[in-house]
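The values are calculated or read from the model by the stated rules, or taken from the named source; none is laboratory data. What you see is a predicted model; the values in this text were computed from it and never measured. Positions of Cβ are generated from backbone atoms using ideal geometry, with glycine treated the same way; all protein chains shown enter the neighbour counts. All accessible areas refer to the heavy atoms of the entire protein, side chains included, with ligands and DNA or RNA removed. Shrake-Rupley method; radii C 1.70, N 1.55, O 1.52, S 1.80 Å.
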Amino acid sequence: MTVKDWEGVALIIGSGDIGKSIYYYLTAIAPKLDVIICGRNLKNKSGFYIDLEDDDSFIAFEENIALLKKPLRLVINTSGFLYSNLIKPEKRLSNVNRTTLIKNFSVNAIAPILIAKTLENYIRTDLPFSFSSLSARVSSIEDNRLGGWYSYRASKVAQNQLLKTLSIEWKRKFPLSIVTILHPGTVDTKLSKPFQSNVPKEKLFTPSQSSELLINIISEQKVSDSGKFLAWDSSVIPW
C-alpha cells in the first residue's frame, strides 16, 4: 500500500517552496490523508504554527498533534537553513564563526530530532508510519571533495547521524515505522537561487518535480530500508 492509499494525517514541516509543493501534491494524490502544513509563515489557516528554534513553540505544536482525531501516518521535514542576509556559507576556514555554526546546527540538526521527539507519543504501533527529513549530498563525508560550507555540511551530517540513530530505536518501538533521510537534488527555490549557476538544466528541479520524486521514494520504502540516506533518484548516498 503506497502513501496515496494511507488513511490518517500527514504533517509537512516547513512552509517554504518545497514544503508548500509537497503539501499541494499530497493533497491532490492522497484523498484519505488530512495534509497539514506546519511552519512560521502560514497562509493556510488550518496549518500548525511551529518555530523550530523556540522550545515553547514545540509545546504548542504537540498540543495540536494531541487534538488530531485521525492517526498520524506521515511526517516530512522540509525545513533547512543555508544563508541569510547576515550569514553566508563559509568559503574558507577564516569565515567560520560560532554564530554561523549555532544557527546551522539549530535548524538543520537539532530541529529534526526534536520534531521526532515531539510526535513520538502519537505514533501507532499497529500502522505503517513514515518520518522523512531533507538532508543534502554535501553532508556526505566520503563525497566531500570541494570543501567549504563548514557549518552547513557539518549540521547536515549531525542530522543524518541523529536520524540514523532514531531509526534504530524506532525499529524496536514501532516495528512498522520507516525513517528516511532524503537529498532532493538542487531545487529551484530561494534557498538554492544563489548557487545554481553550475547546475545543469536537467538537474535543476522545480519544486513540483522534486515533490513528486520525494513522495515516490517515500512510497517505495520498506521497513527494512529505514535509516537510509537516499538521493532524489533513490540511489544510496555514502555517509
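Distance between the pseudo-spin-label points of Ala60 and Val236 (7 Å out from Cα toward the beta carbon): 4.2 nm. Entry note: the chain has Rg to Rh equal to 0.94, where both radii use alpha-carbon atoms and Rh is the Kirkwood radius. Rounded to the nearest 500, the helix-only mean residue ellipticity at 222 nm of the chain stands at -10500 deg cm²/dmol, with each DSSP H run of n ≥ 4 adding -39,500 (n - 2.57). Note on the chain: dipole from Cβ charges, positive end direction compared against Ile37, Gly16, Thr99; the farthest Cα belongs to Thr99. Using the 1.4 Å probe convention, the accessible area of the chain works out to 52 Å² per residue with neighbouring protein chains retained. With a threshold of 31 Å on the Cα-Cα distance, the over-threshold entries among Lys4/Lys171; Lys69/Lys156; Lys91/Lys171; Lys91/Lys117; Lys69/Lys103; Lys45/Lys91 are Lys69/Lys156; Lys91/Lys171; Lys91/Lys117; Lys69/Lys103; Lys45/Lys91.
To the nearest 10 degrees, how steeply does helix 17-29 sit against the main Cα axis of the chain, on a 0 to 90 scale? Long axis of 17-29 versus the principal axis of the chain: about 30 degrees.
Across the accessible surface of the chain, with the other protein chains kept in place and a 1.4 Å probe, carbon and sulfur atoms take up 54 percent. For Lys173, the aspartates and glutamates whose Cα comes closer than 20 Å to its Cα, not counting residues fewer than 8 places off in the same chain, are Glu62, Glu120, Asp126, Asp225. Largest GNM mean-square fluctuation among Ile181, Ile13, Ile65, using the chain with Cα springs under 10 Å: Ile65.
Solvent-accessible area of Glu220, all protein chains in place: 110 Å² (probe radius 1.4 Å, heavy atoms, ligands and nucleic acids excluded).
Residue-wise HN-Hα couplings along segment 214-222, as the Karplus relation 6.51 cos²θ - 1.76 cosθ + 1.60 with θ = phi - 60° gives them from phi, are 5, 5, 4, 4, 4, 5, 7, 5, 10 Hz; Gly and Pro carry x. Across Val107, Val96, Val75, mean-square fluctuation computed from a Gaussian network of the chain (C-alpha pairs under 10 Å connected) peaks at Val96.
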